[in-house]
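S.K.: The structure follows.
The values are calculated or read from the model by the stated rules, or taken from the named source; none is laboratory data. Quick caveat: nothing in here was measured; it's all calculated off a predicted structure. For neighbour counting, all protein chains shown are included, and Cβ atoms are generated from backbone atoms with ideal geometry for every residue, glycine included. We work out accessible area using only protein heavy atoms, side chains counted, and drop any ligands, DNA or RNA first. Shrake-Rupley method; radii C 1.70, N 1.55, O 1.52, S 1.80 Å.
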Amino acid sequence: MVTLTLITFFGAIICCSWTKNLPNAPSPNIIIMLMDDMGWGDLGVFGQPSKETPNLDAMAAEGMLLPNFYTANPLCSPSRAALLTGRLPIRNGFYTTNARARNAYTPQDIVGGISKDEILLPQLLKTKGYVSKIVGKWHLGHRPKYLPLKNGFDEWFGSPNCHFGPYNDQSIPNIPVYNNSEMLGRFYEDFKIDRKTGESNLTQIYLMEGLDFILRQTKAQQPFFLYWAVDATHAPVYASKRFLGKSQRGRYGDAVMELDYSIGQILKWLRTFGIDNNTFVFFTSDNGAAVMSGPNESGSNGPFLCGKETTFEGGMREPAIAWWPGHIKEGSGINFCPGEEVPNVTTHEQKEHTLQPLIFHLGRDPGEKFPLSVLSKEYQGALSGISAVVQQHKDTLVPGIPQLNMCDSAVMNWAPAGCKKLGKCLKPPESNPWKCDWPH
């Protein structure tokens with residue numbers, strides 16, 4: 001899963017690097033580039049036919065491509081909570097016990113957020129002298145005590161929630177965009193997203209925020225952690241005017257092309273300042289492509305079944321690249337023929353689930369199209385082995401307090417910090433909490 005693999009990856013690679021260098025060698029900078037709803041099959045290096053990700057493909061060739069990289073959850077918020085805490089959603093509280101649901105996220109009316117008992121990556125890095133910034137989507141709770149600057153980050157430019165909207169501010173307020181601890185405006189009002197054309201300059205704004213942070217910390221000779229969590233590939237997808245209409249894949253492809261360009265600019269910036277050999281960069285996505293959003297609003301999960309919101313391969317297996325010149329060997333991890341192992345690259349819709357576990361043989365059936373017969377010896381043998389592991393997990397698991405059970409319209413983004421200066425405070429309704437209804 002993404003978190004455990006990623007934090008183990010940090011530890012192994014960074015610690016090994018430190019042991020090779022002198023004791024007074026500078027701490028390596030860290031950049032995590034987290035895409036939103038980008039699928040395994042969206043990169044040229046993974047066989048996407050249009051080959052519209054030249055910078056990411058080059059990054060993979062110069063670093064390590066991880067074809068079997070998994071997220072901790074197929075939804076935005078629990079995946080991000082796991083990424084930053086190194087703990088599964090069931091442990092860090094980013095789950096629900098409402099009805100039959102388990103998977104949940106943080107819409108505007110969610111009451112909860114990241115627990116004060118959790119230790120996040122920027123908090124750990126702060127003890128080592130790092131300065132940390134998040135650019136883009138937070139999604140771990142939008143009430144003041146849950147925001148990034150209360151959880152280890154020194155700087156923030158972005159939003160607490162998805163860029164859904166526009167709303168009329170009567171029943172639902174538009175999502176605020178923050179600069180550190182105060183809002184600068186709201187999506188659709190001050191930060192435009194044209195739902196008809198898909199035009200928005202947000203990715204370019206996020207790019208400039210990231211570049212500026214790198215420049216300032218480099219001049220200050222300060223080790224930094226940049227969490228670049230952009231969201232252009234989450235529906236409603238968007239791209240700037242320069243990229244609209246450029247992709248063979250429609251508007252979603254336009255968004256991917258702009259993100260690829262931006263990633264190229266960040267890596268170029270590191271080379272320009274001569275800090276590429278001292279900066280560990282990791283690229284991945286929070287969950288699989290949202291195939292339920294339709295052909296113009298979602299990406300590709302390649303040969304894998306289903307996508308976001310499901311625990312099939314399409315929802316859990318993510319594109320991932322590790323890049324660190326001089327420390328990670330070029331071309332490592334690329335040991336297969338992209339896009340040719342599995343015929344019939346398809347997407348699927350979630351229909352029904354059964355209480356009987358579905359078991360696939362991923363060696364023979366990586367597309368998860370042919371579940372093993374429950375009557376077969378192969379199924380029974382696999383089930384007996386899996387059941388023992390599952391039971392051991394259940395017996396030893398200490399779950400966190402669920403943070404995503406309760407909703408209340410009164411806690412929406414009616415009056416974020418800084419709204420008075422801008423004349424953008426809105427009157428909230430009376431508090432009337434209810435148990436959130438989760439379909440996942």
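S.K.: Considering only protein heavy atoms and a probe of 1.4 Å, how much of the accessible area of the range 348-440 is carbon and sulfur, as a whole percent?
M.R.: Working: 3880 of 6640 Å².
Answer for the range 348-440 is 58 percent, counting heavy atoms of protein chains only.
S.K.: Work out from phi, with θ = phi - 60° and the Karplus expression 6.51 cos²θ - 1.76 cosθ + 1.60, the ³J(HN,Hα) of each residue of the range 198-210, listed in order in whole Hz, and give x for Gly and Pro.
M.R.: After applying 6.51 cos²θ - 1.76 cosθ + 1.60, I find x, 7, 7, 9, 4, 4, 5, 5, 5, 4, 5, 4, x Hz.
S.K.: Taking a point 7 angstrom from the Cα of L149 along the C-beta vector, which residues in the range 183-224 have backbone N less than 12 Å away?
M.R.: Hits in the range 183-224 for L149 at 12 Å: 183-184.
S.K.: How many nm is it between the label spots at L124 and K421, if each spot is 7 Å from the Cα in line with the beta carbon?
M.R.: Going by the 7 Å Cα→Cβ label model, 3.4 nm.
S.K.: Report, in whole Å, the centroid distance computed from the Cα atoms of the range 363-412 and the range 157-175.
M.R.: Taking the Cα centre of the range 157-175 as reference, the centre of the range 363-412 is 34 Å away.
S.K.: Over the range 225-281, average the accessible area per residue using a 1.4 Å probe and give it in Å², no decimals.
M.R.: Details: 1810 Å² over 57 residues.
Computed with neighbouring chains in place, this is 32 Å² per residue.
S.K.: Out of F153, A82, M412, whose Cα points farthest toward the positive end of the dipole of the chain (charges: +1 Lys, Arg; -1 Asp, Glu; placed on Cβ)?
M.R.: Farthest along the dipole direction, towards plus: F153.
S.K.: Please identify which residues in the range 111-148 have an amide N closer than 17 Å to a label point set 7 Å out from the Cα of Q222, following the Cα→Cβ vector.
M.R.: Those under the cut-off are 122-135.
S.K.: Hey, what did the chain get for relative contact order, percent, Cα under 8 Å, at least 6 apart?
M.R.: Across the chain, relative contact order equals 26 percent.
S.K.: Moving to a separate point now. How large is the charge dipole for the range 105-256, taken about the Cα centre, if only the Cβ atoms of Lys, Arg (+1) and Asp, Glu (-1) carry charge, to the nearest 20 debye?
M.R.: That gives a dipole near 340 debye.
S.K.: Using modelled amide H (1.01 Å from N, peptide plane; none on Pro or chain starts), what sits under 5 Å from the amide H of N301, excluding residues fewer than 5 places away?
M.R.: G41
S.K.: Please give the charge dipole size of the chain, origin at the Cα centre, charges +1 on K and R Cβ atoms and -1 on D and E Cβ atoms. Round to the nearest 20 debye.
M.R.: It comes to approximately 920 debye.
S.K.: Could you order the peptides 53-61, 406-414, 79-87, 223-231 from most to least packed, using the average number of other C-beta atoms within 10 Å per residue?
M.R.: So the order, starting with the most tightly packed, is 79-87, 223-231, 53-61, 406-414.
S.K.: In square angstrom, what is the accessible area per residue of the range 124-202 with a 1.4 angstrom probe?
M.R.: I get 40 Å² per residue for this part.
S.K.: Suppose R0 equals 45 Å. What FRET efficiency, 1/(1 + (r/R0)^6) with r the Cβ-Cβ distance, do N277 and R364 give to the nearest 0.05?
M.R.: The pair N277/R364 has a calculated efficiency of 0.60.
S.K.: Give me, ordered by chain and number, the residues 5 or more places off T106 or on other chains with an amide H under 5 Å from its own placed amide H.
M.R.: S77
S.K.: Here is a follow-up. Leaving out ligands, DNA and RNA, what percent of the accessible area of the range 102-180 is carbon and sulfur, probe 1.4 Å?
M.R.: Its accessible area is 52 percent carbon and sulfur atoms.
S.K.: Could you give me the ³J(HN,Hα) list for the range 371-382, computed from phi with Karplus coefficients 6.51, -1.76, 1.60 and θ = phi - 60°, whole Hz, x at Gly and Pro?
M.R.: Once rounded to whole Hz, the list reads x, 5, 5, 5, 8, 7, 5, 4, 5, 4, x, 5.
S.K.: Is the shape of the range 133-227 best called rounded, prolate or oblate, per the rule: a/c under 1.5 gives rounded, else a/b larger than b/c gives prolate, else oblate, with a ≥ b ≥ c the square roots of the Cα gyration tensor eigenvalues?
M.R.: Oblate, since a/c reaches 1.5 and b/c is not below a/b.
S.K.: Taking R0 as 41 Å, what FRET efficiency do you get between S431 and H393 from their Cβ-Cβ distance, rounded to the nearest 0.05?
M.R.: According to the calculation, E is roughly 0.65.
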